[in-house]
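Q: What follows is a single structure, and I will ask about it in a moment.
The values are calculated or read from the model by the stated rules, or taken from the named source; none is laboratory data. Computed from a predicted model, the values in this text were never measured in an experiment. Ideal geometry is used to build each Cβ from the backbone, glycine not excepted, and the neighbour counts take in all protein chains shown.
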Amino acid sequence: MHYTKQAALIQTLLILLVFMFTPALIAAETNSYNRVSYQVTEQQEVTNDEITVTVGVERNNQDAPKLANEINQLITSANATIKKFPSIKSSTSDYSIRPVYSRDQQLDHWRGVSSITLKSQRIKDMEALVQILQKTLLVKSTRYNVSAERKEEIETGMIKDALKKFNIRAKMISKDMGFKKYRLVNININNSSNTPRPIYAMARSKTVSADITPPSFESGQSILKVTVSGTIEMEVTP
């Protein structure tokens, strides 16, 4: 008898819950109607205004301390030269002195490497500095890009234009489909860039001529892109 009353009570509560949540479920289902998802894109070709050059040294020696000393002297000398160019930022990386073994796992020699990354918005200064550093270091690579400050400035304008285009498209879609009003359900903003990266590299031997033609760097273009995607819901007006 006790279990029968308990089962009847549970059944009654379940029925009440169904009646309570049914309107909300119907409303949620209704609200998902008349929705359209789409995206718009703003794209702009921009001249690169920043160059990054990586230079470095690679040496082999039977004596690890002598090898370390040789590399340290080259990098110290290079850093002293770099300080004469205040428009160029630099950072040292990839420093290592490691053993190289023969096929029979015997120590053959030591190999040392070290790199310096240079970054500047003044291309002519970079060309002049690299011309000097090439006398003792390798030019490993160059990379061109739009500086962070300029990229942010340009993308801010592109985002505004993309949002305007998104709203214009929303009004057009609503009107063409016979609706007078719409509301924004969700929106996403994404940005990306496609930067061609010309590579300039020249290996230098230990004995290098003092007369080196300065390198010529051509910055090229980057393509900045902003995409606005989202969903609108067209509303039926009474």
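Q: Between a first residue in segment 110-127 that is farther than 15 Å from Tyr144 by Cα and touching a residue at least 12 places away in the same chain (Cβ under 8 Å) and a second residue that is of a type in the set (D, E, K, R) and crowded, with 17+ Cβ neighbours inside 10 Å, which pairs have beta carbons less than 7 Å apart while being 6 or more apart in sequence or on different chains?
A: Between residues of segment 110-127 that are farther than 15 Å from Tyr144 by Cα and touching a residue at least 12 places away in the same chain (Cβ under 8 Å) and residues that are of a type in the set (D, E, K, R) and crowded, with 17+ Cβ neighbours inside 10 Å, the close pairs are Gly112/Arg59; Ser115/Lys140.
Q: Would you point out the residue of segment 84-106, among those that are of a type in the set (A, V, I, L, M) and within 19 Å of Val55 (Cβ to Cβ), that is surrounded by the fewest Cβ atoms within 10 Å (Cβ to Cβ)?
A: Result: Ile97.
Q: Follow-up question, since we're still on this one. So Thr81 fits all but one of (1) of a type outside the set (A, V, I, L, M); (2) surrounded by fewer than 17 Cβ atoms within 10 Å (Cβ to Cβ); (3) not in a helix (DSSP H, G or I); what number is the exception?
A: Only one criterion is unmet by Thr81, namely (3).
Q: Also, quick follow-up: Restricting to segment 107-130, name every residue that is of a type in the set (A, V, I, L, M) and surrounded by fewer than 19 Cβ atoms within 10 Å (Cβ to Cβ).
A: Across segment 107-130, the qualifying residues are Leu107, Val113, Ile123, Ala128.
Q: Let me ask another. Of Ser205, Ser216, which residue is assigned to a loop (DSSP other than H, G, I, E, B), closer than 26 Å to Asn48 by Cβ, of a type in the set (Gly, Ala, Ser) and at pLDDT below 75?
A: Being assigned to a loop (DSSP other than H, G, I, E, B), closer than 26 Å to Asn48 by Cβ, of a type in the set (Gly, Ala, Ser) and at pLDDT below 75 holds for just one of Ser205, Ser216, which is Ser216.
Q: Just checking, how many residues over segment 63-86 are more than 31 Å from the chain's Cα centre (by Cα), under 12 Å from Ser114 (Cβ atoms) and among the aliphatic types (A, V, I, L, M)?
A: 4
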